[in-house]
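Presented below is the structure to which this report refers.
Values in this text are rule-based calculations from the coordinates and carry no lab data. As the structure is a computational prediction, the values presented were derived from the model and not from experiment. FYI the Cβ positions are ideal-geometry reconstructions off the backbone, even for glycines, and counts take in every protein chain you see.
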Ligand code: AHZ
């Protein structure tokens, strides 16, 4: 591959030069934009705690970001962009044991047919017939990690340990794993040295545990199942047998108790299956299977506020024919209506949360600022990034009360930091993914912050899904 060109000079926009006096020069005059220490702190704190706030209820929590957990996260996030997937990793460095192939050697062996996944994520390898070899395990792990993390619906909290499971009685009176109990790993490791340091929680209808085989942190959920009385005893990982171990892990990946799916080597401790040593195909395939099991569980569950409150029964029989014992014509629209109402409720709750955020967030004040203040505003995510150029009558944009000249500061989850190079592609993608679903928008209009709700529609009678023209904007 040709090396990436590094000689091209960075040409800042005229506004940037004027405002920040920046220069990318490697002959001794390199100049950074000025910054206040507090801006750096707030830029991190706001995003981190917003994520924690938002992910306190997730759709799926994956415990452990090793090869199985990350393969699972990638497949699930790719298949279901609508799901909020939160990965909790105890280590500072995600990746588990997949940074090296085996005995501290770098090449990673993957048995066929799991090599398909390498092509999917774009990792090169050498083909040895029955298996392939990636030149460095870190190439696999870093690529997988970057692909998974780049997805909007994936959040990773590393240096954070799951130190317990939420276990509740479900709507049928059965024990169900309904979330995880978390703490900073450094706190979790110091419970013996300090007085009580209480944890935090994340509620989710599905937990996927991928914490590896037993070790200082490993097989966490399997071990907790035993101490919580959900499993009589651990099967304990057996000796190495590559040919038995890999299919056993993949085919055995399942929901082992309501709400909890085990994947990767953690399953070998639960089931008492063999280890495979340094061959990683089963970790990839077990992660994919865990993602598929999670989708099955979610599709059959009625979920309110992250809790499973009932079961969604299939409308067809085992052969795929409509069931004779229910009035499908009445049930189907009723279900659709329930889903619509639930989405509406979620949107209203999101808008309330945003409105509350607006009350306490000083950056939402209209931009009547001094030049110095204006400077600090530009690095804030609530800086306008797009402008409404025109609105067609009777379009979704008109119904949302969008007006020509509105400056968009927030569009769903997108803010200024979501865009690079003057392209509005992320916004177009978000719209395309949200047909008939309300998107909360925040605009500046005549210096006032205005909250709007826009519902993209394909068949409203005009061009596009919004009926307005939005152009990039930089102040
Ligand atoms: O830090 C752990 C690691 O990154 C993390 N983890 C463990 N307990 C945790 C907890 N909270 C949060 N309580 C936790 N995170 O889980 C990750 C497990 O990754 P791994 O690489 O150890 O497991 P894996 O199942 O993804 O891959 C196993 C790879 C192996 S082991 C093996 C053998 O021994 O024979 N062969 C293979 C391919």
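What the table below lists for this structure:
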item: Estimated FRET transfer efficiency when R0 is 25 angstrom, pair residue 355-residue 172 (beta carbons, to 0.05); result: 0.10
item: Principal-axis tilt of helix 37-55 within the chain, Cα atoms, nearest 10 degrees; result: 50 degrees
item: The chain - convex hull of the alpha-carbon atoms, volume per residue in Å³; result: 216 Å³
item: Contour minus Cα-Cα distance for residue 232 and residue 309 (0.36 nm per residue); result: 25.0 nm
item: Whether segment 109-198 is rounded, prolate or oblate, judged on the alpha carbon gyration tensor where a/c under 1.5 counts as rounded; result: prolate
item: Cα gyration tensor shape of segment 140-181, rounded if a/c is under 1.5, else prolate or oblate by comparing a/b with b/c; result: prolate
item: Spin-label pair residue 195/residue 299, simplified geometry with 7 Å Cα→Cβ offset, distance in nm; result: 5.2 nm
item: Folded to 0 to 90 degrees: helix 137-150 orientation relative to the chain principal axis, Cα; result: 50 degrees
item: Antiparallel DSSP beta bridges within the chain, as percent of all bridges there, nearest 5; result: 70 percent
item: Computed helical MRE - 222 nm, the chain, DSSP H runs ≥ 4 contributing -39500 (n - 2.57), nearest 500; result: -10500 deg cm²/dmol
item: Shape category assigned to segment 220-306 from the gyration tensor of Cα positions, a/c cut at 1.5; result: oblate
item: Packing-based ranking, highest mean first, of 217-226, 195-204 given that Cβ atoms within 10 Å are counted; result: 217-226, 195-204
item: Label-point gap, in nm, between residue 44 and residue 401 - each point 7 angstrom along Cα→Cβ; result: 4.0 nm
item: In degrees, nearest ten, helix 328-360 long axis to first principal axis of the chain (Cα); result: 60 degrees
